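The values are calculated or read from the model by the stated rules, or taken from the named source; none is laboratory data. Everything numeric here is computed off the predicted structure, so don't read it as measured data. Heads up, the Cβs are rebuilt from the backbone with ideal geometry, glycines too, and the neighbour counts pull from every protein chain shown. Just so you know, the surface numbers come from the protein's heavy atoms only, side chains and all, with ligands and any DNA or RNA stripped out. Shrake-Rupley method; radii C 1.70, N 1.55, O 1.52, S 1.80 Å.
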Amino acid sequence: MNHSIYKNFSFALLLVGSLSLFSCGGSSGGGDEEEFEFKSSDLTNKYWYANPYLSADYNRDDALIVYRFEGGGVLKKQEFSGRRDQVVGEWSLVDNQLVIEDESIDANNRQEWFIQSSSKNNYLKLNSSNGTREFYTDIEAINDISADAYLVNDLRLVNGTYESDYKLEYAVFGDQISEVRVLPDASTSIEMEDFTNFEGKKVYYLKEADRDEYFEDFDGNQTVKFFVKANNENYKLEDQLYDSAIKALDNFSITATHASQSGSVSINWKAIDEDNIYYYVEILDKNKNEYLPKFRSTRQSADAGEDKQIVIDASTASELEALSELEVGEDYYVKISGFKYEDDIHPDNSSNKEINIQAVTRYVFKAGVW
């Protein structure tokens, strides 16, 4: 009987000790539980991605958010479509409270978030009175996605007369993309189609039936949005069109002379009367296939109004591996494109320049028989 009482008493002491240990939060040594603290070093000098997607509605403010928290409280935001960073405000972190003051937001630009204990240096869970938001330092499905909207001034033959008119074109890259819709404005949604370009990359362009929506005047400063499905997740991206248009090429100054015996063609054109325009010259097959040119020159610089010439043969520097052979006796076309980059994109030093085209002037013409 006494032995039984002793056993019960010992068990009670053990239970009380266990509860005491649990209440202190210690499972090894019985010390106090260490308080969670998210340090600035866990946050800074990396890109943080949040996907607040709600619907494929232009008016929804739910585009992919990309922030970069830099030293000195500098807050940068990235337009992910073209990987363009801009200083947009300030940030601070005190006692796990992250304050973001994003001046690119029209209203309520001060955000007060509390960092949750599940956060770590590659995952950030934030709570506020308005809800929850999750940021990641990597979203694998979108790593290679980019999107660009640009103005085109197309020179074309209409009823026997050459005319130049504007239209908008779009290019969206990404191997894991399965669906793309472009949203130029609140009333328009256009499904895009995937192609393989001359570099072998998967790219979405407008379908052929949607490529001839021309207009006379360009108002500029337009935000274009893209709905993108990648790896079964939905995202919305934004790209800014600025107010800079572009002049049209002059078809009367463009000639192509083919020397069939030497297998070369000389192309002459006059640069448009505008600075900071660069050119590509392409040779297309008899079907005028612009996505798979037989030749594409390296980028050609030009002064405003300069007379330009390029002689193309098998040894000419090209964006392709070499000049692809055209069948003798087959018609061929020449395409000349002049383009300008978006504001603040450096033509040589910006690594993202080719996905930040502002405007293109273009002329495609039948050059003769190869």
Query raised in the report: Which angle between 0 and 90 degrees, to the nearest 10, do you get for helix 2-23 versus the longest principal axis of the chain when only C-alpha atoms count?
Result: 40 degrees
Query raised in the report: Ignoring ligands and nucleic acids, what accessible area does ARG68 show with a 1.4 Å probe (Å², nearest 10)?
Result: 50 Å²
Requested in this report: With a 1.4 Å probe and every protein chain kept in, tell me what percent of the accessible surface of region 197-290 is carbon plus sulfur.
Outcome: 36 percent
Query raised in the report: Where only protein heavy atoms count, and the probe is 1.4 Å, what is the accessible area per residue for the chain in Å²?
Result: 55 Å²
Query - Cross-link reach list, lysines versus LYS247, counting only Cα pairs under 26 Å and skipping chain neighbours closer than eight places - result: LYS167, LYS207, LYS225, LYS270, LYS288, LYS308, LYS335, LYS340, LYS353, LYS366
Query raised in the report: Can you give me the Cα centroid spacing of region 316-370 and region 82-123 in angstrom?
Result: 41 Å
Query raised in the report: Going through region 238-318, which chymotrypsin sites (Phe, Trp or Tyr not before Pro) have at most 13 other Cβ atoms within 10 Å and a DSSP loop state?
Result: TYR291
Query raised in the report: Which one, (i) 59, 22, 19; (ii) 36, 23, 20; (iii) 70, 31, 14, gives semi-axes √(5λ) of the Cα gyration tensor in Å as derived from the coordinates shown?
Result: (i)
Query raised in the report: What is the dipole size for the chain, taken about its Cα centre, with +1 at each Lys and Arg Cβ and -1 at each Asp and Glu Cβ, in debye to the nearest 20?
Result: 980 debye
Query raised in the report: If you average the sequence gap of Cα pairs under 8 Å that are 6 or more apart and divide by the length of the chain, what percent do you get for the contact order?
Result: 12 percent
Query raised in the report: With θ set to phi - 60° and the Karplus curve 6.51 cos²θ - 1.76 cosθ + 1.60, what are the ³J(HN,Hα) couplings of region 147-164 in order, to the nearest whole Hz, using x for Gly and Pro?
Result: 9, 9, 10, 8, 8, 10, 9, 8, 9, 8, 8, 10, 6, x, 10, 7, 10, 10
